[in-house]
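First up is the structure itself, then whatever we jot down about it.
The values are calculated or read from the model by the stated rules, or taken from the named source; none is laboratory data. Model, not experiment: these values are computed from the prediction. Backbone-built Cβ (ideal geometry, glycine too); neighbour counts: all protein chains shown.
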Amino acid sequence: MRRIETITNNSTGREARVYRDSEWQEWRVNGQHQTEADHHTDDKGDAQCHARAWAWGGR
């Protein structure tokens, strides 16, 4: 699995990482278990959008 992007909200310290998993042919957000952020998809744009939404979310 290769990390392709890290999105950081400096105000809150929330960080989301987007990975490419070539074995499963999918994109992952975070790559480790975090119940609020785990996300698997076959669409790179969807993964990046989800990562930004989580990092900038108002929780």
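Restricting the stretch 1-21 to residues that are of a type in the set (Val, Ile, Thr), within 11 Å of the chain's Cα centre (by Cα) and farther than 15 Å from His40 by Cβ leaves a set whose member that is surrounded by the most Cβ atoms within 10 Å (Cβ to Cβ) is Ile7.
Regarding Gln25, is this residue modelled with pLDDT of 85 or more and loosely packed, with under 13 Cβ neighbours inside 10 Å? Yes: the conditions hold for Gln25. Within the stretch 39-56, the residues that satisfy the criterion of being of a type outside the set (A, V, I, L, M) and farther than 11 Å from Tyr19 by Cα are Asp42, Asp43, Gly45, Asp46, Cys49, His50, Arg52, Trp54, Trp56. Here is the figure for the stretch 28-59: residues that are touching a helix residue (DSSP H, G or I) at 6+ places or on another chain (Cβ under 6 Å) and modelled with pLDDT of 85 or more total 3.
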